[in-house]
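The values are calculated or read from the model by the stated rules, or taken from the named source; none is laboratory data. Please read all numbers here as calculations on a predicted model, not as lab measurements. In this analysis, Cβ positions are derived from the backbone assuming ideal geometry, glycine residues included, and neighbour counts consider all displayed protein chains. Just so you know, the surface numbers come from the protein's heavy atoms only, side chains and all, with ligands and any DNA or RNA stripped out. Shrake-Rupley method; radii C 1.70, N 1.55, O 1.52, S 1.80 Å.
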Amino acid sequence: MTGAWDEARVLELARRLKAAKTDGWSGPALRAVVEGLGWEWRDGPDGPRPATGPEPGASPWWTPRLRPTGRFEKDYVHGGEEYVGLYVPVALPEGGAAGKAAAFRTVAEALTEEFGPAPVMGAYGDPGPFYDSAPPWGSPFLRWRERVNTLELHAGEHGPELLLQPTGPVENWFWRQGHGEHYAVGGFFGSRRVAANAGLGFPGRWRTDDWDVFSHTLGDFLHTLPAETHALGIELDLGFHARVPGTYGPILFHLACGERLEIVYDTEPLGPGIADPGSFGWIPHTTRPAALDHWLEAPYHSGDFGIGEVDGRRLARMMTDTLRALGVPSPLDLSLSDHAQRVGDYHVDYYGLTLQENP
């Protein structure tokens, strides 16, 4: 990757951020942290900003930034924190979404070797913490959680960033999104059963009986999924049950996603008389075999798509139009397969899918 610090420098920065004494995230404490890292503290209209050079108007891509506690953060801060994040870009990769995902994974592997597997991982989707918009290429994150501060490898708009943040405010924001309204939380959130996650809370999932709302959020979930799974070094393996009238609620779809995404559609449990799957865009196996491995043998598939190739809205319409044609009453009649929440050592909640998850 280009525009990147070498691995040794990134790891040294990560160590120093994890060891930083933030003292309640007050202004004086953060100034000491910034200056201790070798940066200049510079005042500005958006609050103090670490500087890397003498010209405010010509900041290099790696310029760190502080996030002051403002109107979108203040409701989630209970310890008097004046700041809720110190962000440091660590790479400026070429190659669009694929380059950004690869750069994230490179940094993630180095941090994992240094600190061990992250206690928390996932993809934010929209909205991100404190109602931020997700970067267009994806929103993966790895979080080395501690009681007071958390170090996160974070998806910035232009590539991976290190983010040091107070643990309380960001988790308070996440917890309070469990109000059940549409689009409250997106993406997915995975946690390991380790001591570092003691006291970690999870918001309730939101659900919908509206096919249009479901299709919209499913499309958003799928659109950047290969970039996110590749960046995190994981593979998702999701089966979708559907209560089709006259059936036992079989698994109709299987989604596999690592560096590529593909969905298969099994018509065998449905019997004769269903609408032609090709009319919704499904590709017959006899015309072109599925490209990925699936535990569900199915006669139709979506085609396979790499990073930056997914038309999430189109795939979501294929699935929802198929389900509606089969007479499935609403998205409340869908659920995920019972193994879907286990991804390696992580238990994963798929907030962006809005579906019931079987234990």
Study note, to complete from the structure: Selection from the range 215-241 of residues part of a loop (DSSP other than H, G, I, E, B) and hydroxyl-bearing (S, T, Y) yields T224
Exercise for review: Among the residues of the range 254-282, write down those that are in contact with a helix residue (DSSP H, G or I) (Cβ under 9 Å, 6 or more places away or on another chain) and either open to solvent by 40 Å² or more (accessible area, probe 1.4 Å) or assigned to a helix (DSSP H, G or I) (or both).
Suggested key: E259, R260, I274, A275, P277, S279, F280
Check your understanding: Mind checking which residues of the range 334-348 are more than 13 Å from G239 (Cα to Cα) and either among the β-branched types (V, I, T) or surrounded by fewer than 20 Cβ atoms within 10 Å (Cβ to Cβ) (or both)?
Key -> V343, G344, D345, H347, V348
Practice item. Kindly list, by first and then second residue, each pair from a residue in the range 25-46 that is within 23 Å of G168 (Cβ to Cβ) to a residue that is of a type in the set (D, E) and part of a helix (DSSP H, G or I), limited to pairs with Cβ atoms under 9 Å and residues at least 6 apart or on different chains. Key: A29/D23; L30/D23; A32/D23; V33/D23
Point to revise | Whichever residue in the range 301-333 is open to solvent by less than 10 Å² (accessible area, probe 1.4 Å) and part of a strand (DSSP E or B) and, among such residues, is nearest to D212 (Cα to Cα) | key: S302
**Study point:** Residues of the range 187-214 that turn out to be open to solvent by 20 Å² or more (accessible area, probe 1.4 Å), small (G, A, S) and not in a loop (DSSP other than H, G, I, E, B), as a count
**Key:** 2
Review point. Got at least one residue in the range 230-237 being open to solvent by 50 Å² or more (accessible area, probe 1.4 Å) and in contact with a Ser or Thr (Cβ under 7 Å, 6 or more places away or on another chain)?
Key: yes
Point to revise | Hey, V244 β-branched (V, I, T), part of a strand (DSSP E or B) and over 16 Å from the mean Cα position of the chain (by Cα) or not | key: no
Exercise for review: Kindly establish whether P169 is within 26 Å of T69 (Cα to Cα) and not in a loop (DSSP other than H, G, I, E, B).
Suggested key: yes
Review point. When you look at E181, is it crowded, with 19+ Cβ neighbours inside 10 Å and either assigned to a loop (DSSP other than H, G, I, E, B) or not hydroxyl-bearing (S, T, Y) (or both), yes or no?
Key: no
**Study point:** Pair list, Cβ < 7 Å and 6+ apart or interchain, from the range 212-236 residues that are in contact (Cβ under 8 Å) with a residue 60 or more places away in the chain to residues that are of a type in the set (K, R)
**Key:** S215/R317; G219/R313; P226/R260; H230/R105; A231/R105; G233/R105
Exercise for review: Select from the range 16-32 the residues that are under 29 Å from the mean Cα position of the chain (by Cα) and in a helix (DSSP H, G or I) and write down the one among them that is nearest to V88 (Cα to Cα).
Suggested key: L17
**Study point:** Conditions (1) modelled with pLDDT of 95 or more; (2) hydroxyl-bearing (S, T, Y); (3) in contact with a Gly (Cβ under 9 Å, 6 or more places away or on another chain); number of the one not met by Y265
**Key:** (3)
Exercise for review: Quick one: count up the residues across the range 25-71 that are on the phi > 0 side of the Ramachandran plot and at pLDDT below 80.
Suggested key: 1
